[in-house]
Structure formats: structure tokens, C-alpha cells
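Asker: The structure's right below; bear with me while I get my questions together.
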Amino acid sequence: MNAEEEKHDNRLRLVEDHIGRSLSGSENTGVVPPEIEMMHNIEALRQSIERAGPQGASEADIRRLSDLRQQLAIRLERLRSTA
């Protein structure tokens with residue numbers, strides 16, 4: 001993992017922690033916020049690509065990872081602007 005990916009993953013963890021803390025005071029409904037679910041999907045896909053290595057990772061998976069990261073960034077920006 002390069003420095004930029006590590007920086008990005010750290011930001012995602014911080015946001016996940018923030019969302020989790022903000023939900024801890026509310027009633028536990030057992031529903032995972034879509035942003036958290038998206039973060040888990042991103043991490044699972046990233047790990048899958050990393051395990052496959054440079055030759056084994058498909059272009060479709062790499063594009064999907066990029067798209068998911070962009071969608072998450074947009075969702076988080078919307079949350080920030082409404083908070």
C-alpha cells in the first residue's frame with residue numbers, strides 16, 4: 001500500500017469512528033449506516049486487489065474501487081455540509 005492509500009484509509013477510519021460515536025448516543029436500531037457499510041466494502045475490495053497483486057487484479061475491480069471511494073467521498077461531504 002502506498003502512502004496516499006494509507007492516508008486515505010486513515011481518513012476513512014477516522015470518519016468511521018466519528019460516525020460510530022455520533023450513533024452511540026442514539027437508540028441502537030441494529031441498522032448499519034450506509035457509509036459504514038460502504039467503507040467495509042471498499043476495504044474488502046482493496047484487500048482482494050492487494051492479494052491478487054499487480055498482475056492478478058482486474059481493471060474492473062480497480063475501477064470499482066475507485067468508484068466506491070469517490071461515491072463515499074461525495075456522501076461524506078454531504079454529511080459534513082448538513083451537520
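Asker: Does ARG51 satisfy the condition of being at pLDDT 90 or above, exposed (fewer than 10 other Cβ atoms within 10 Å of the Cβ), assigned to a helix (DSSP H, G or I) and not acidic (Asp, Glu)?
Answerer: Yes: the conditions hold for ARG51.
Asker: In the range 54-68, how many are at pLDDT 95 or above and not in a helix (DSSP H, G or I)?
Answerer: 0
Asker: Name the pairs: first residue in the range 38-52 and more than 14 Å from ARG13 (Cα to Cα), second residue part of a helix (DSSP H, G or I) and of a type in the set (Lys, Arg), Cβ to Cβ under 8 Å, at least 6 apart or on different chains?
Answerer: Listed pairs, sorted by first residue: LEU45/ARG64.
The values are calculated or read from the model by the stated rules, or taken from the named source; none is laboratory data. For clarity, every value in this text was computed on a predicted model and none was experimentally measured. Note: ideal-geometry Cβ built from the backbone for every residue, glycine included; neighbour counts use all protein chains shown.
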